[in-house]
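The block underneath contains the structure these notes are about, expressed in C-alpha cells.
The values are calculated or read from the model by the stated rules, or taken from the named source; none is laboratory data. This is a predicted model, so every value here is computed, not measured. Ideal geometry is used to build each Cβ from the backbone, glycine not excepted, and the neighbour counts take in all protein chains shown.
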Amino acid sequence: MAIWKRPVTLSQINERSQGCMVEHVGIRFIAVHDDGLEAVMPVDERTKQPFGLLHGGASAVLAESLGSMAGYLCTEGEDYIVGLEINANHIAAARDGDVRGVCRALHLGRTHQVWQIEIYNAENRLCCTSRLTTVVMHPTR
C-alpha cells in the first residue's frame, strides 16, 4: 500500500525541484516506490570537498531533499514540511560518478515524520546513512 497522499510523477517532482539547492547540486529524483523515493546526485566540483571526496554536507543535502520531498508527498492540502533534525554517518568515500539515495519512512505521524535515508556510492557501497525528522506544518489550522 502506497504511503503517498498527493498524486505525483517523477517529472512533477523534478520540475518542483528547479530553482533551489536541489537543482544547484544536480539532484535528480529517479524512482517513486509505494513506500519511498530514490534520487541521484553527481560527485563533482559542486559536491566535493577540497580533498576530492564527496562533501559530508552534500550528503546531508541529498538526504534532506529526499526526506523533505517524501514528507511533503505524505501531506494534504496546504500542509507542508520543515526539517527539525538531521544526522548523517559517513561510512565510505565517494570520489566520482553519482551517489544514489534511498529514502523510506520510519514514522509517519500527524505532526512529525522520521525518514531513513541510505546513500550508496558508484560501486553501490553504502557511504552514508542519515535520519531526518520533519514537522508537518498546518498553516490553516
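Taking the condition within 15 Å of Ile117 (Cβ to Cβ), surrounded by 13 or more Cβ atoms within 10 Å (Cβ to Cβ) and at pLDDT 95 or above, does Glu85 pass? In short, no.
Note on the range 31-47: residues that are under 18 Å from Ile117 (Cβ atoms) and surrounded by fewer than 15 Cβ atoms within 10 Å (Cβ to Cβ) total 4.
Annotation: of all residues in the range 18-31 being in contact (Cβ under 8 Å) with a residue 40 or more places away in the chain and out of contact with any Lys or Arg (no Cβ under 8 Å at 6 or more places or on another chain), the one that is nearest to Leu73 (Cα to Cα) is Phe29. Per the listing Leu126, Leu106, Leu84, Leu37, the residue uniquely touching a residue at least 60 places away in the same chain (Cβ under 8 Å) and either closer than 15 Å to Lys5 by Cβ or out of contact with any Cys (no Cβ under 9 Å at 6 or more places or on another chain) (or both) is Leu37.
The residues of the range 97-141 include none that are small (Gly, Ala, Ser), in contact with a Leu (Cβ under 6 Å, 6 or more places away or on another chain) and farther than 18 Å from Asp35 by Cα.
Of the set (1) part of a helix (DSSP H, G or I); (2) closer than 29 Å to Thr111 by Cβ; (3) over 14 Å from the mean Cα position of the chain (by Cα), all apply to Met1 but (1).
For the range 92-127, taking the residues that are small (Gly, Ala, Ser) and buried (at least 16 other Cβ atoms within 10 Å of the Cβ), the one that is farthest from Val25 (Cα to Cα) is identified as Ala105.
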